[in-house]
1. If we only count helices (runs of 4 or more DSSP H) wholly inside the stretch B:86-190, which ones have 1 or more residues that are more than 25 Å from B:Gly40 (Cβ to Cβ) and charged (D, E, K, R)?
2. Report whether or not B:Ser5 is at the interface with chain A (Cβ under 7 Å from one of its Cβ atoms) and of a type in the set (Ser, Thr, Tyr).
3. Against the condition touching a His at 6+ places or on another chain (Cβ under 7 Å), more than 24 Å from A:Leu70 (Cα to Cα) and either at the interface with chain A (Cβ under 7 Å from one of its Cβ atoms) or not basic (Lys, Arg) (or both), how does B:Pro79 come out, does it pass?
4. I need every pair where a residue in the stretch A:156-168 that is away from chain B (no Cβ under 11 Å) has its Cβ under 9 Å from the Cβ of a residue that is assigned to a helix (DSSP H, G or I), sequence separation at least 6 or different chains.
5. In the stretch B:11-48, how many are of a type in the set (D, E, K, R) and surrounded by 16 or more Cβ atoms within 10 Å (Cβ to Cβ)?
6. I want to confirm something. Restricting to the stretch A:7-42 and keeping residues that are at the interface with another protein chain (Cβ under 8 Å from one of its Cβ atoms) and over 16 Å from B:Arg13 (Cβ atoms), which single residue is surrounded by the most Cβ atoms within 10 Å (Cβ to Cβ)?
7. Tell me yes or no: at least one residue of the stretch B:53-63 is more than 9 Å from every other protein chain (Cβ to nearest Cβ), at pLDDT 95 or above, touching a Lys or Arg at 6+ places or on another chain (Cβ under 9 Å) and not in a helix (DSSP H, G or I).
Amino acid sequence: MIAALAADLDGAFPSLVESAGPGLYWGLRRLCRNHQEAEDLTQETFIRAYRALGDFDRDRFEELKLSPWLWTIALNLGRNHLRNRSRRPTLVELGDHGRNDEEPPDIAAWDARFSSLPTSQQRAVVLRHVVGMGISEIAEITGRPEGTVKADIHRGLNRLRRVMEQET
Amino acid sequence: MSIESQLSRLVTRLPDGITEGVALGTGLADGFDLYPSPVGEVVVTFNIEGVSSVDLATEGYRGRFAERHGRGLFRADPPSAWAKHIPEAMEAGSPGRLPVDLRARTPFQARVLRIAASIPRGEVRPYGWLAREADRPGAARAVGSTMARNPIPLIIPCHRVVRSDGHLGEYSLGGPHNKWELLSHEGVEPARLEELAEHHVRVQADPATGVYCHPTCRVIRGSGQWNVVDFTSTAKARSAGFRPCEQCRPG
């Protein structure tokens, strides 16, 4: 994928959105528990990534780790991330059919379960087990030591288990 | 099922609209919307740079866009920063404050298109005038082909550019009858222009001011007209003692 992006950014970029988009969107959706915000953040992340990749030289492509890099962009997007929207066309959504078909089962239940976790644990659990990222990459993205990340994941999973036990 | 494997199933397909939103935001695709015009409904396309094309909303416009521009096209709202300038520009026949995307044109073509955009509503100029204004007096033919491939007709008013012999000439947006229609809509009398062209009239002079103009220039039209003198060339007007108008710069 990285070689393809380096060779033909415009041609390969749609494949990047296709492959990395679902993990990014559903990870963000889990963290912000809101379709609109997750959609906006996913789009903005890819748009910023596209602009940044346009300036990449060969060396930077070689050392690029795509998923952690995209997540770094996504987590750095602040509340003011929408300010550029007035400068670009926005898709007209033709009807809202299809939207709910994509949702995983029990999405509302998971929203409630995750809301009982502290932010650092939510982040660590989502990146590790929803997105499927390695510990060292999560440590890099979140700027926390690997031991702390592991502890966050461990505590987060335990808490989720307890919450789920209480549901039944 | 373990909690880990339940969590791993929380990633499903990307919801509709995100891929398209990214394509629009990066400029890998353009958005389009439909607008009324004097020649019928038109498709206006736009991207992060500005308005990129205007085409008749007839069958196959998506295919024509892909062929000419090599990008995808999605139904979209124009960027809110300049959305309201689109109908204004359509009505005025001039971009005004509307940004236009001429990246795919050569620098010469872009310059010629921007000069064409400065022709006032209700007036016309010949290809040769555009070539001269672009500092390439011999390039009237290149100007002609640039007008024929103007991606943003109506907003960049190539309908105000006529043949060097004064006849209306061809029009890319649906044919010459639309050029006639658009000029009539702006108060130009196309039949009068054709008649002047038949008589080889290039410029008209006003004895009261000593100035000669293109026949549609507001200066000569505002002069009262009864004693206007026709000339078949600018050289003849000059040798009769007239000087070129500073507004329409007939050369």
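1. On the way: elements: B:107-116, B:127-133, B:140-148, B:176-185.
In the stretch B:86-190, B:107-116, B:127-133, B:140-148 are the helices (runs of 4 or more DSSP H) which contain 1 or more residues that are more than 25 Å from B:Gly40 (Cβ to Cβ) and charged (D, E, K, R).
2. Details: at the interface with chain A (Cβ under 7 Å from one of its Cβ atoms): no; of a type in the set (Ser, Thr, Tyr): yes.
It is false that B:Ser5 is at the interface with chain A (Cβ under 7 Å from one of its Cβ atoms) and of a type in the set (Ser, Thr, Tyr).
3. Values: touching a His at 6+ places or on another chain (Cβ under 7 Å): no; more than 24 Å from A:Leu70 (Cα to Cα): yes; either at the interface with chain A (Cβ under 7 Å from one of its Cβ atoms) or not basic (Lys, Arg) (or both): yes.
No.
4. Taking only residues 6 or more apart or on different chains, the pairs are A:Glu167/A:Ala109; A:Glu167/A:Ala112; A:Glu167/A:Arg113.
5. Selection size over the stretch B:11-48: 4.
6. Restricting attention to the stretch A:7-42, the residues satisfying the condition of being at the interface with another protein chain (Cβ under 8 Å from one of its Cβ atoms) are A:10, A:13-14, A:17-18, A:21-23, A:25-27, A:30, A:35, A:39, A:42.
Add one more test, that the residue is over 16 Å from B:Arg13 (Cβ atoms), and what stays is A:10, A:13.
Details: A:Asp10: 14, A:Phe13: 21.
Only one residue tops the list, namely A:Phe13.
7. Yes, the stretch B:53-63 has at least one match.
One line per residue, one yes/no per condition, for (1) within 29 Å of A:Gly132 (Cα to Cα); (2) at the interface with chain B (Cβ under 8 Å from one of its Cβ atoms); (3) modelled with pLDDT of 70 or more:
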| site | (1), (2), (3) |
| --- | --- |
| A:Asp59 | yes, no, yes |
| A:Glu63 | yes, no, yes |
| A:Leu66 | yes, no, yes |
| A:Trp71 | yes, no, yes |
| A:Arg83 | no, no, no |
| A:Thr90 | no, yes, yes |
| A:Ala109 | yes, no, yes |
| A:Ala112 | yes, no, yes |
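The values are calculated or read from the model by the stated rules, or taken from the named source; none is laboratory data. Since the structure is predicted, the reported quantities are computational estimates derived from the model, not experimental observations. Virtual Cβ from ideal backbone geometry, glycine too; neighbours counted across all protein chains shown.
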